[in-house]
Amino acid sequence: MPVTAPIVVKLLVTLALLVAIVTLSVAPGRSHPQGSVVAWLVSVTPSPLQKLLHVIAYGTMAALCTWTLQDFLSMPMRTAVAFVVAVTLGSLLEWYQKSIPGRFGTLADAFLNAFGAIIGLIIASVLL
């Protein structure tokens, strides 16, 4: 049975995750006395866990985008839109991270983002 909710709820949940991903992605990687909690979290999170979080975050984002578009587009169209959104955002954030102190945008991370999106879309196709 498809998971349904009012469009406002879908939008808020999806946008909240997008904001969280962007916030965590653009935070400096080195903490300093004036640094934020986000910068500290990034600096103390081991690299393998960061890689796993890429897959989880972008998988969840792609699934939520698919869910949000459920009432407006066919499954193939919303899957395509969600994939393009996830891959584009992931690639742009990786590129932007190259200009952030202590952060390193990499092609490997961009591929992990895309891989996560694919996993999320597979799960969404089963659940939705």
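Show that you can apply the helix-only estimate: for the chain, add -39,500 (n - 2.57) for every DSSP H stretch of four or more residues, divide by all residues, and state [θ] at 222 nm to the nearest 500.
Here the helix-only value at 222 nm equals -25000 deg cm²/dmol.
Return, ordered by residue number, the residues of region 59-77 whose backbone nitrogen is under 14 Å from a label point located 7 Å along Cα→Cβ of Val3.
Hits in region 59-77 for Val3 at 14 Å: 59-70.
Taking the Cα-to-Cβ direction at Ala108 and at Ala20 and moving 7 Å from each Cα, how far apart do the two end points lie in nm?
Taking the two extended label points, one gets 2.5 nm.
Within the chain, what's the longest run with no trypsin sites (Lys or Arg not before Pro) in a DSSP loop and at most 15 other beta-carbon atoms within 10 Å? Give the range, please.
That would be 31-97.
By counting other Cβ atoms within 10 Å of each Cβ, how are Val126, Val42, Val55 ranked from fewest to most?
Listing Val126, Val42, Val55 from fewest to most nearby Cβ atoms yields Val126, Val55, Val42.
Hey, what D do you get for the chain in µm²/s if you plug the Kirkwood alpha-carbon radius into Stokes-Einstein at 10 °C and 1.306 mPa s?
So the translational diffusion coefficient is about 105 µm²/s.
Work out how much length Thr88 to Phe115 would gain on full extension: take 0.36 nm times their residue separation and subtract the Cα-Cα distance, in nm to one decimal.
Stretched fully, the Thr88-Phe115 segment lengthens by 8.4 nm.
With charges only on Cβ, +1 for K and R and -1 for D and E, what is the dipole size of the chain about its Cα centre, in debye, rounded to 20?
180 debye
List the relative contact order of region 7-127 as a percent without decimals, with contacts defined as Cα pairs under 8 Å and 6+ residues apart.
Relative contact order, region 7-127: 33 percent.
Every read-out reported here was derived from the displayed coordinates using simple, explicitly stated rules and does not represent laboratory data. As the structure is a computational prediction, the values presented were derived from the model and not from experiment. As a convention, Cβ positions derive from the backbone with ideal geometry for all residues, glycine included, and neighbour counts pool all protein chains shown.
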